[in-house]
Amino acid sequence: MKKLQDHWKDQEMTTISPSLDDLRQREAELGLITRRRNTREYVAGGVAAAFLAVMGVLAFVRGEAPADFVMAAGFLALTVGLLLAGWHLFRSSGPVAGDLAVSGRAHLRARLEREHRLLASAWLWYVGPMVPGFVLIYLGAWMIDPGKPLFVAIAGGLTLVLMAGVVLANRHAARNIEREIRKLDE
C-alpha cells in the first residue's frame, strides 16, 4: 500500500524550461544590478581612499608624537584595504565567460553562483582588509589620551556595528541570490 506522501510521484509532470529570451532578460537584470552596485562601490571607495590617503600623508608629514604616526599608518592601511576590496570586486564580479545563447541556463546559474559567493564572503574580502586600518586609527586616538577611552570605545563600537551591518546586508543579498538559483532550477 502506498503512503499518502508517495501519491505525488504518480502524477504526470511536465517540465517547463525558461525560454532563451527569459534567460537573457534575467541575465540583463542581473548585469544591471551588479553594474549599479559596483559603480557605487567604486565611486564611494575611490573617494574614501583618496581622502584617507591624503589624511595619512598629512598625518605622517605633520606628525610629532607616536600616536600621530600610528593614526597615519591606520589611514594608509585603511586606504590599502579599500583598494584591495575594490580590486577584488572588479576581479570577481560581472559576467562569466561564455555565450549566453550557447549555454543558456547554465550560464545564468554560473553567474548567479559567482555573485552568491562574492556576497557571502564579503566579510573576508570587503570588511576584513579594513579592520587593521580601523584598529590603528583607534589605537592612535587612544594613545593621545589613554585616560579617556570613551571616544575610542564609542567610535570603535559604531564602526563595529557598521561593519556588522555591511556583513549582514551582504548575507541577505546572498540569500536572495540563493532563492534566484532555486527558482532557476525549478
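For the stretch 36-99, count the residues as N, evaluate 2.2 N^0.38 Å, and divide the Cα radius of gyration by that value, please.
It is 1.46.
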**Prompt:** To the nearest 0.05, what FRET efficiency results for E186 and V47 with a Förster distance of 41 Å applied to their C-beta separation?
**Reply:** 0.45
**Message:** Semi-axes of the equivalent ellipsoid for the stretch 105-186, please: Cα gyration tensor eigenvalues, times 5, square-rooted, ordered largest first, whole Å.
**Reply:** 39, 12, 4
**Request:** Pop out the carbon and sulfur fraction of the accessible area of the chain as a percent, whole number, probe 1.4 Å.
**Result:** 68
**Request:** Residues in the stretch 23-38, backbone N under 18 Å from the label point at A169 (7 Å along the Cα-to-beta-carbon vector): list them, ranges by number please.
**Result:** 33-38
**Asked** Rounded to the nearest 500 deg cm²/dmol, what is the calculated helix-only ellipticity per residue at 222 nm for the chain, with -39500 (n - 2.57) per DSSP H run of length n ≥ 4?
**Response** -27000 deg cm²/dmol
**Prompt:** What helices in the chain pass both tests, a Cα length along the helix axis of 30 Å or more and a mean Kyte hydropathy of 0.0 or higher, using whole DSSP H runs?
**Reply:** 20-62, 66-92, 150-185
**Prompt:** Just going by the charge dipole of the chain, with Lys and Arg at +1 and Asp and Glu at -1 on Cβ, which of I137, A72, L150 is farthest out on the positive end?
**Reply:** L150
**Complete:** About its Cα centre, the chain carries a charge dipole, from +1 on Lys and Arg Cβ atoms and -1 on Asp and Glu Cβ atoms, whose size in debye to the nearest 20 is 160
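Averaged over every viewing direction, what's the projected area of the C-alpha convex hull for the chain? Give it in nm², one decimal, please.
Result: a mean projected hull area of 15.9 nm².
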**Prompt:** Ranked from highest to lowest mean number of other Cβ atoms within 10 Å per residue, what is the order of the peptides 133-141, 23-31?
**Reply:** 133-141, 23-31
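The values are calculated or read from the model by the stated rules, or taken from the named source; none is laboratory data. All of these numbers come straight from a predicted model, not from anything done at the bench. Please note: Cβ atoms are built from the backbone with ideal geometry, for glycine as well, and neighbour counts cover all protein chains shown. Heavy atoms of the whole protein, side chains included, go into the accessibility calculation; ligands, DNA and RNA do not. Shrake-Rupley method; radii C 1.70, N 1.55, O 1.52, S 1.80 Å.
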